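> I have a structure here, written as structure tokens, and I will follow up with some questions on it.
No lab work stands behind these numbers, since they all come straight from the coordinates. Quick caveat: nothing in here was measured; it's all calculated off a predicted structure. FYI the Cβ positions are ideal-geometry reconstructions off the backbone, even for glycines, and counts take in every protein chain you see.
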Amino acid sequence: MNTEIQKKYRKWEWRTILILMVGYALYYFVRKNFSIAIPALEQELGITKAQLGVFLTLNGIIYGFSRFVNGLLVDRFSKKNIMSLGLVLSAVVNLAICFSPKMNGVMNLLDGEGKATLLLVYLIGSLWVVNGYIQGMGVPPCVSLLANWVRPSELATKQSFWNASHSIGAGVVVWLCGVLLQKYGYSAWNLCFAIPAAISLVGAPLLYFGLKDSPSQVGLPQVEELDKAEKSAVVEQPAEEKIDSAIFKKVIRKMVFANPYIWIISVSNFCIYIIRFMILDWGSSFLTQEKGMDISTAANVVASSELIGGILGMLLAGWVTDRFFKNKAHRTCFFCTLFATISFFIFWKIPSANWSLVFLVLSAFFIYGPQALYGACASQQATKHAAGTGNGILGIFGYASTAVSGIVFGILADNYGWDSVFILSIVFGALGALVIALMWNAPADGYEKFNKLVEAEKSKIAK
């Protein structure tokens, strides 16, 4: 391959990956800040776990729906525009939540004791649901850009590298909010929304000005052509292939909606997300109420599980997939889901606080393997042409899990204690491992199927 083209490609590839990492980490700043603010909202505003669970569930369901809608959009429109706009809008919603109690007087939001009336509960809840839709503008552009910029033979490793942004964003914002609440007290809960929002607004222009939607916009060949060109001294620089609208609809149907692998991945994703959200959404509450930790320590423990366990787990899972499983990410996901469930069980049962921390980190280590790779797996099976839509289906299932991790877990914790929450989480973890095992012999990607489909459709049109 021409050395100059190779250098230019690598430069733009890593520029895209790193900007997407920063951008999506900032999405988490204005998303997972709510979880660490939960104990403060309970104490300061008197909002119950069941009410908070409703917020989390509705937010997750709307988020999953939004990922599907925006997955369709990014396969046809500008990816960077959608992603940068979403980050700005999410920051604005967080600022609205921050200042919502200040509107007391205009509306009856606080009672005589300074606790939230149902009107304030509904206001904060509605804003968080709106934020759920806006947050769905984050992942689809990322997975579509990665599928357009990273070679299929390297996608598992590099999408896992990008996926570290989830843990970086969640870990840093959990740590930041924990420090704020420890220093200023629960009465400063609004800072958990204001400061992350301000940081996100500063970072949003990086997405708009730093990204390009495809290699063809900077004169580079399509990524799937690069592997073929390794054996040649000359690389053609074809323009980005445009698929006829009628063919595109059939591609979406066959490569996504009629593709059994997409549905298997999605169901297993639903199961592993239940354990993931148990840690992220309820972890600080469980550790303060059952393990006797203060809020700062609990926040640091959850942050450690993300920043240490999560990042190491996803990076190793991507490397193992490309190195040992010949890009078959679903095989790695089976082992990760199984070991995540076992680690989570031990975390629940072990009495030692120190060993609890170890097994919480191990749980995150194994959870973030499939959390990172299911997106790459869906992109590979749907191909880059329908990666956004494929991941949209994945998002619907992943965040439909909040119906369990939000409302059901909130009710169970209030009425039956935390043991019931852990039992249900472990049942779903085991189910997730069994489901993804059905895909063991699946091919690494769907590009061969895609090429045959397009050729067949073109032949029909020609006739």
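> What number, in percent, do you get for the relative contact order of region 321-463 if the mean sequence gap of Cα pairs under 8 Å and at least 6 apart is divided by its residue count?
34 percent
> Given the options Ile411, Phe325, Leu373, identify the residue whose Cα lies farthest towards the positive end of the charge dipole of region 309-441 (+1 on Cβ of Lys, Arg; -1 on Cβ of Asp, Glu).
Selected residue: Phe325.
> Could I ask something else about it? Please give the contour-minus-distance gain from Trp263 to Tyr184: 0.36 nm per residue of separation, less the Cα-Cα distance, rounded to one decimal in nm.
My answer for the length gained is 23.8 nm.
> Relative contact order of region 297-380, please, whole-number percent, based on alpha carbon pairs below 8 angstrom and at least 6 residues apart.
Relative contact order comes out at 45 percent.
> Identify, among Pro101, Ala198, Leu20, the residue whose Cα sits farthest towards the positive end of the charge dipole of the chain, taking +1 on the Cβ of Lys and Arg and -1 on the Cβ of Asp and Glu, with the dipole about the Cα centre.
In the chain, that residue is Leu20.
> Would you give the gap between the C-alpha center of region 97-135 and the C-alpha center of region 1-68, rounded to a whole Å?
Each part's Cα centre sits 22 Å from the other's.
> Next question. Suppose every K and R has +1 on its Cβ and every D and E has -1 on its Cβ; what is the size of the dipole of region 312-431 about the Cα centre, in Debye to the nearest 20?
The calculated dipole for region 312-431 is roughly 500 debye.
> Let me ask something else. Sort all Cα-Cα distances of region 312-435 into consecutive 10 angstrom bins from zero, then give the percent of pairs in each bin up to the one containing the longest distance.
13, 36, 35, 13, 2
> Okay, moving on. Using 0.36 nm per residue of separation minus the Cα-Cα distance, give me the extension gain between Leu85 and Leu206 in nm, one decimal.
Here the answer is 42.4 nm.
> Still on this model: Hey, can you rank 80-91, 283-294 by average C-beta count inside 10 Å, highest first?
Packing order, densest peptide first, comes out as 80-91, 283-294.
> In addition: What dipole magnitude, in Debye to the nearest 20, does region 1-87 give about its Cα centre under +1 on Lys/Arg Cβ and -1 on Asp/Glu Cβ?
Approximately 500 debye in magnitude.
> So which of Lys8/Lys212; Lys249/Lys328; Lys158/Lys328; Lys328/Lys349 end up more than 22 Å apart by C-alpha?
Listed pairs above 22 Å: Lys249/Lys328; Lys328/Lys349.
> Which order do the peptides 130-136, 45-51 come out in when sorted by mean C-beta neighbours inside 10 angstrom, highest first?
Result, highest mean Cβ count within 10 Å first: 130-136, 45-51.
> Now for a different question. Starting from the 7 Å offset along Cα-to-Cβ, what nm value, one decimal, do you get for the label separation of Val22 and Asn354?
It works out to 4.0 nm between the two label points.
> Could you tell me what % of all Cα pairs in region 162-206 have separations over 13 Å?
60 percent
> How much length would be gained if the chain were fully extended between Ser420 and Glu4, taking 0.36 nm per residue of separation minus their Cα-Cα distance, in nm to one decimal?
143.8 nm
> Which of the cysteines in the chain are isolated, no other cysteine C-beta under 4.7 Å?
Cys98, Cys142, Cys271, Cys333, Cys336, Cys377
> Order of 333-346, 414-427 by packing, highest average Cβ count within 10 Å first?
Highest mean packing first, the order is 333-346, 414-427.
> Considering the dipole of region 319-463 built from charges on the beta carbon (Lys and Arg +1, Asp and Glu -1) around the Cα centre, which of Ala444, Ala340, Asn354 is farthest to its positive end?
Of the options given, the answer is Ala444.
> Right, here's the next one. Using a 10 Å cut-off around each Cβ, can you sort Leu191, Leu26 from fewest to most neighbouring Cβ atoms?
Fewest to most other Cβ atoms nearby, the residues stand as Leu191, Leu26.
> Can you give me the relative contact order of the chain as a percent, contacts being Cα pairs under 8 Å and 6 or more apart?
27 percent
> By count of other Cβ within 10 Å, fewest leading, how are Ser187, Ser200, Ser160 ordered?
With the sparsest Cβ surroundings first, the list reads Ser187, Ser200, Ser160.
> Calculate the spin-label point distance for Lys449 paired with Asn108, positioning each point 7 Å from the Cα along the beta-carbon direction, and give it in nanometres.
Roughly 5.8 nm, to one decimal.
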